[in-house]
Amino acid sequence: MLSKYIFYFLSSVAIYAALMVLISKKPIHSVLYLTLAFFAIAGHYILLNAQFLAVVHIIVYAGAIMVLFLFTVMLLNLNIEGEFPKKNIIKFAAVIVGGLILITLIGTFRTYDLEIIKNPTLNQIGLVKNLGKVLFKEYLLPFELCSILFLAAMVGAVMLGKKDIQ
Amino acid sequence: MTEEKKTYTFTTRSKVVSNKKMTFMEKIYFPAIIKGMLITFSHLFKKKTTIQYPEVKRNIAEIYRGKHVLKRDDEGRERCTACGLCALSCPAEAITMIAAERKADEMHLYREEKYAKVYEINMLRCIFCGLCEEACPKEAIFLTNEIVPSNYERENFIYGKDKLVEPMDKDKRIDISKRQTTAVLEFKKDKNQSHNN
Amino acid sequence: MDYSFIIYKFTLATVILIISLVVAMYATLIERKMAGFFQDRHGPNRAGKFGILQPLADGLKLFFKEEFMPQSADKFLYILGPSLTMLIALLTSAVIPWGSSIVIGGTEYSLQIADINIGILYVFAILSIGVYGIMIGGWASNNKYALIGAIRAASQMISYELAMGMAIITIVMMTGTLSLGEIVAQQHGFNWNVWYQPLGFFLFLVCAFAETNRAPFDLPECETELVGGYHTEYSSMKLGFYLFAEYINMFISAAMISSLYFGGYNFPFMDDLGLSHNALSLLGSLAFFVKITFFGFLFMWVRWTLPRFRYDQLMRLGWKTLIPLAIVNVIITGLVLMIKNHM
């Protein structure tokens, strides 16, 4: 019962935040609203008993990626009016592109039969143990490939940090 | 071999900056950090150097140059004759005075025919060098080992005669004999000098 | 739902909240006292005996100071910054096991508010969003120094989070659990993690200094360069929140170090004392607070000994020393665990 209300609350927060990302004038506000949306989604994960996913979602998206976004936006100083020329033809093109994407998405999801999970709180798939088993048994190769990609990125960052490399 | 550079030092403590490559032990910083931490730790048990001011006062030398006093002579007459030599000698230009002529009924108040009606020292300007004391021909102004107290208003730092002249009462006179050299004290015993009357 | 359970959890949460606030309050006094002692001074000793009322006087002063807000500040974010910093600083204490458990009337009451099975990750998540308060406050002030402070805080946090995460990963690999309660329970007696993970402990310690913005890593509020850093434009209790959150963070970090590496509420020879369960728990909690006090002291000791890093040195240390060391540590731990499992 309580989880139903929490679900509605989180959903409205998520939708409101997502809308505000687009509506707010200041880029910093957009970034912060996006962070709020991520938190609302993390709340949904917890409602689905997927605590691990929720926390990792916060660490990766809210904790790392959004901080970097905020960092960049702060440095860019995008507050100046008229940064982007908003000609009518550009607006027109944007509407067409956005509309097409919406139609594609609707078309894709219409044919899908979305599975409704019964009793989400009893569902154990989001817990660390089950998730670990799935990752390391069924999806071992993609997981390892991802790790290697990350390691390469980290080594690359260290290399970029070195000044006197030829 | 490169020519040996001559280094000049300006003080005995100055060190020449060296950009030598650090050794591995120096690069990991740890020995230095631990050494520094032990030094600070040893200071936890050292004697505190603070003097707890209002309760404990630090000893001040008897010849300390603090707040000024305008002396009276033995009969309680002000010694100052408003000659202006102190104001002239003052490097900070802290002293101002207005002279006036002594009236017949003021003989018991002022020693000389001319006296200072107004005598002001701006304690914010004063640098307590003691040149006024040296310049005074009448032994009228002296510095004492009292400290000028703090105040909230700048005006209150201009000390007039009300604060500078020593009290008439013989017991409350300010003793400045410690500030004078033995030669001066010897000279003061000579009653033939008009100065000492 | 069992009401006594809710009441018990609520009481525990309140008690721990009050304890962390009082400890942080007196940490400000102890910090100033320590600074005095390290420099052959007395430190504050006028407000009450040994300055025992100094934190109250400071708090009162901060409350009565003028509330100032820059004209061009972003009003909402300007207020959100310090509030968020305070909120996030207080969140972590929920998963730290402050003691084992107390048995009253046959029911066992755990001295941990929430033993969630991903406790370590929760702490790490809170840590990673901790920078938001500083960044928002620094940006909303609309001041160059504050902005630079905020940017420094962000990049410093991100850089040191990586090494810290890797240091924690070795603990997770060793103990095989993400729950803080279980990690502490596994270090029974004198079987502390620090004996197995000295390098990991060291990395965690250095990163904890960086994450709490304490000297020698206090570049976000570096007075010599940035006036006051991210809180340049803050005054009154908003500034108080920022300063106070730093001490709460310090307290929580000390608690984390103690529970991850120094056995939390465990202490040597705890089984040989022959005490009852409850007495042992209380003694354990006391031992935990002794450990926290020691690490709090270490934080202050380092602050009043070491000079501040230069910014490039900070980045070099983080990316080119700590992260490679952390990776090596992970590899070594993995190898040792593998060899152990095959023997």
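The values are calculated or read from the model by the stated rules, or taken from the named source; none is laboratory data. Note that the structure is a prediction, hence the values are computed from the model and not measured. Every residue, glycine as well, gets a Cβ built from its backbone with ideal geometry; the counts of neighbours run over all protein chains shown.
Some observations on this one:
- The number of residues in segment A:125-161 that are within 11 Å of chain C (Cβ to nearest Cβ) and touching a residue at least 40 places away in the same chain (Cβ under 8 Å) comes to 4.
- Every test in (1) modelled with pLDDT under 90; (2) part of a loop (DSSP other than H, G, I, E, B) is passed by B:F187 save one, and that test is (2).
- Selected residue (only one of C:I96, C:I19, C:I7, C:I30 is more than 30 Å from C:V131 (Cα to Cα) and either under 18 Å from the mean Cα position of the chain (by Cα) or away from chain B (no Cβ under 14 Å) (or both)): C:I7
- Verdict on C:F294 being out of contact with any Pro (no Cβ under 8 Å at 6 or more places or on another chain) and under 26 Å from C:F37 (Cα atoms): yes
For every residue, the table says whether it meets (1) among the charged types (D, E, K, R); (2) under 15 Å from the mean Cα position of the chain (by Cα).
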{"position": "C:G189", "(1), (2)": "no, no"}
{"position": "C:L199", "(1), (2)": "no, no"}
{"position": "C:N213", "(1), (2)": "no, yes"}
{"position": "C:D218", "(1), (2)": "yes, yes"}
{"position": "C:Y230", "(1), (2)": "no, no"}
{"position": "C:A245", "(1), (2)": "no, yes"}
{"position": "C:S259", "(1), (2)": "no, yes"}
{"position": "C:P268", "(1), (2)": "no, no"}
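- Pairs meeting the criteria (first residue in segment B:39-61 and more than 10 Å from chain C (Cβ to nearest Cβ), second residue aliphatic (A, V, I, L, M), beta carbons under 9 Å, at least 6 apart or on different chains) are B:K57/B:I51; B:R58/B:I51; B:I60/B:I147.
- Out of C:L12, C:L80, sole residue that is farther than 30 Å from C:T305 by Cα and either in contact with a strand residue (DSSP E or B) (Cβ under 9 Å, 6 or more places away or on another chain) or within 14 Å of chain B (Cβ to nearest Cβ) (or both): C:L12
- Candidates C:M250, C:M300, filtered to the one that is surrounded by 21 or more Cβ atoms within 10 Å (Cβ to Cβ), within 14 Å of chain B (Cβ to nearest Cβ) and of a type in the set (A, V, I, L, M): C:M300
- One residue stands out in segment A:43-59 among those that are of a type in the set (A, V, I, L, M) and more than 9 Å from chain C (Cβ to nearest Cβ): the one that is nearest to the chain's Cα centre (by Cα), namely A:L53.
- Matching option when the condition is among the hydroxyl-bearing types (S, T, Y) and more than 14 Å from every other protein chain (Cβ to nearest Cβ), among C:Y261, C:Y311: C:Y261
- All positions within segment C:33-71 that are aliphatic (A, V, I, L, M) and within 14 Å of chain B (Cβ to nearest Cβ): C:M34, C:A35
- Some residue of segment C:278-289 being surrounded by fewer than 20 Cβ atoms within 10 Å (Cβ to Cβ), among the hydroxyl-bearing types (S, T, Y), away from chain B (no Cβ under 14 Å) and under 20 Å from the mean Cα position of the chain (by Cα): yes
- Segment C:96-119, subset aliphatic (A, V, I, L, M) and surrounded by fewer than 23 Cβ atoms within 10 Å (Cβ to Cβ), residue nearest to C:A185 (Cα to Cα): C:L111
- Scanning segment C:108-119 turns up no residue that is modelled with pLDDT of 85 or more, closer than 22 Å to C:M250 by Cα and not in a loop (DSSP other than H, G, I, E, B).
Residues checked against (1) part of a loop (DSSP other than H, G, I, E, B); (2) more than 16 Å from C:F202 (Cα to Cα):
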position: C:F269; (1), (2): yes, yes
position: C:L282; (1), (2): no, yes
position: C:S285; (1), (2): no, yes
position: C:L298; (1), (2): no, no
position: C:R308; (1), (2): yes, yes
position: C:W319; (1), (2): no, no
position: C:T333; (1), (2): no, no
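- Selection from segment B:80-121 of residues that are among the basic types (K, R) and surrounded by 19 or more Cβ atoms within 10 Å (Cβ to Cβ): B:R111
- Failed item, numbered, when C:M157 is tested on (1) of a type outside the set (V, I, T); (2) under 30 Å from C:L282 (Cα atoms); (3) within 11 Å of another protein chain (Cβ to nearest Cβ); (4) surrounded by 19 or more Cβ atoms within 10 Å (Cβ to Cβ): (2)
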